[in-house]
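Laboratory data are not the source of any read-out in this text; all were calculated from the coordinates shown. Here the structure is a predicted model, which means the values were calculated and not measured. Please note: Cβ atoms are built from the backbone with ideal geometry, for glycine as well, and neighbour counts cover all protein chains shown.
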Amino acid sequence: MMIQRYLGNKSVIADEIVNIIRGLAKPGDLVFDAFSGSLAVSRAVKAAGFRVACNDINHFSWLYARAYLSSSSLPWPNGPLKRLSTKDQCWRALVNELTAPYDSDIPAESRRTDVFDRYTETGRFSAFVSSRGSVGKRRFFSAENGHLIDRALSRIRHWHRSEAIDEQTRCLLGAVLLAAVEKVSNTQGTYHDFPRDIYDPRSLKKIIINPPSDDSFVGPSSEFFGKAQDSLTYAMKVPDHKVLYLDPPYNFRQYTSYYFLLNAFSMHPEIGDLDEFFGNIEFVRGQNMSTDFKSSFCSKGQFIPSLKKIIERSKAEYVILSYFNGRNHWGEFKSDNDVIGRPLIEGLFNSAMFEAGSLECLPVHRMNYQSYGGHKSKSVEEFLFVARKRSVAHVANQRRNSRWIGEVAI
C-alpha cells in the first residue's frame, strides 16, 4: 500500500533501524523521522510500538502519514456511499467507485482530464520539446489508465471540496490511488523522465486500486506530520523526542522534481485553479515549478552545515543517521566508492554536539537498486551512525567556559 520505487527506500533495513531504536527508547516514546519519504521507516517504527513524528518535502509523504499514522486501526470512511456492514466492505465500495463511469452526482465541471491530456501519448497537451530540440509526447501512462486516474482524482477532489469526506478519508483514498499509480507508471523508478520509445509492460495493465487493510495501522496513533515543509524548519516544531532518525539525500537529485507527479496527485484536491496549475507545466516531464524545492541537503557545500543545524534544532536525546557508501555527490557520481562522506559525518558525530564516546557506527549490508546506467542491483554497505546528544545545559556550560579567539572557541 506504500510507494516502493523510491530513491533510498529503507524498507530493507527498517528492522535493523527499529532494533537500534528499541535499545534507546521504550514503547510509546516519540521518534522523529525527519526525511520520511516513502514512510518505510516511520511505519516500521509505529508498528514496533513507538509514536512517530515525521516530515518530508514531498507532499505525498504527508498524505501517507496522515492516512496511516494518525490512527491505530482502520477507520470507518465517510463518503457518498451508504455505510455497509463492515469497514472493509465500505472501503471496497468507496474505492471501486473512484474509477467507475461518472454518474449525476459528479458535476460536469468537476470531471477533469488533466492526466490524460498532459501525461499520455494521445493527450492533446502532451507534446514536448526538449532542451536539445527533440520532440515527442509524454507517455507516463496508457490512455486507458490516464482516463481512470482522472476519474479517481476528480472524485476525490469533488468529495473533498464539497465536504462529503473528511480529511483522513481523503488521504486514505489518495494514498491507495498513488500506490496503484506507481504500479502502472511508465517510468524506471522516478518521474523525472519516461522511456521515449517503449512502454514498460507494467504500464499497459489496467490500474487496480486496492482498499486499505487493517494491518496497515498497527501501532499507536500520532499527530505530528509536517506537510511538505523544509525539515530544517519543521525540526523546531516537534516536541521533545527520544530519537531523531535522519536519512537525508546525499546526491544532486532534488526529490520534488523526481516525484513531482505523485506530489501533484497528492495535492490535487487542494489546488485552487487546476487550469492554471496544469497550464503552467514545464520541461519534458511536465512539472509545475511552483511545487519545486531546492534542498540544501542536495548541495555538497551545504550538506554538513545543514546536518549540524537540524541536529541542533531537534529536541532529541539520540540521533541515528543512515549513510551508504554507494554513488553520491561527495565525489564523482559515476565512481562506486565513497571516500569523503563517511569521514566528514564521523567528524560531526565526534564533535562537541554529542557525548564523548557515545558514537557507534554499525554497518548493514544490503542490495541497492541502481537506476543510473544499467538498472542493476549491487551490494552496498549502509552505515547507521548512532550517538547521544549533549544536554542543552552541558553545551551552555561548555560555551561559558570556552575562550574565544576570533570565531573559534578553545
Roughly speaking, what % of Cα-Cα pairs in the stretch 230-307 are separated by over 20 Å, rounded to a whole number? 47
Length gained when the stretch Phe252-Asp292 is fully extended (0.36 nm per residue, less Cα-Cα span): 13.0 nm
What percent does the relative contact order of the stretch 1-90 come to when contacts are Cα pairs within less than 8 Å and at least six residues apart? 23
log₁₀ of I(q)/I(0) at q = 0.10, 0.11, 0.12, 0.22 Å⁻¹ - the stretch 123-252, Debye sum with one point per alpha carbon: -0.52, -0.63, -0.74, -1.28
Which residue, Gly37, Gly136, Gly272, has the most motion in a Gaussian network model of the chain that connects Cα atoms within less than 10 Å? Gly272
Extension gain Thr233-Glu317, at 0.36 nm per residue separation less the Cα-Cα distance, in nm? 28.4 nm
Taking Cα atoms, the helix 59-68 axis meets the longest principal axis of the chain at an angle in degrees (rounded to 10) of 90
If one compares the long axis through the Cα atoms of helix 87-98 with the longest principal axis of the Cα atoms of the chain, the angle in degrees, nearest 10, works out at 60
Computed lengthening from Ile208 to Asp29, 0.36 nm per intervening residue step minus Cα-Cα distance: 60.7 nm
Take the chain, connect every pair of alpha-carbon atoms lying under 10 Å apart with a spring to form a Gaussian network, then pick out the residue of Ala235, Ala164, Ala53 with the largest mean-square fluctuation. Ala164
Quickly work out the Asp197-to-Ala352 label distance, labels modelled 7 Å from Cα along the C-beta direction, and quote it in nm with one decimal. 6.0
Counting alpha carbon pairs within less than 8 Å and at least 6 residues apart, what relative contact order, in whole percent, applies to the chain? 18
Value of Rg/Rh across the stretch 192-284 [Cα atoms, Kirkwood radius]: 1.01
With a ≥ b ≥ c taken as the square roots of the eigenvalues of the C-alpha gyration tensor of the stretch 46-162, please select rounded if a/c is under 1.5 and otherwise prolate if a/b is larger than b/c or oblate if it is not? oblate
Answer rounded, prolate or oblate for the stretch 1-112, using the Cα gyration tensor with square roots of eigenvalues a ≥ b ≥ c: rounded when a/c is under 1.5, else prolate when a/b is larger than b/c, else oblate. prolate
Pick from Thr122, Thr233, Thr86: which residue has the top mean-square fluctuation in a GNM of the chain where Cα pairs under 10 Å get a spring? Thr86
Given the chain, what whole percent of its Cα pairs are spread farther than 39 Å? 22
In nanometres, what is the gap between the two model label sites at Ser11 and Glu381, each 7 Å from Cα along Cα-to-Cβ? 2.7
In nanometres, what is the gap between the two model label sites at Val218 and Glu163, each 7 Å from Cα along Cα-to-Cβ? 3.8
Taking the Cα atoms only, what angle lies between the long axis of helix 143-161 and the longest principal axis of the chain, rounded to 10 degrees? 80
Debye sum, Cα scatterers, the stretch 99-194, no solvent: what log₁₀ I/I(0) at q = 0.14, 0.17 1/Å? -0.58, -0.81
Alpha-carbon gyration tensor eigenvalues x 5, square-rooted, for the stretch 170-219, Å: 26, 11, 9
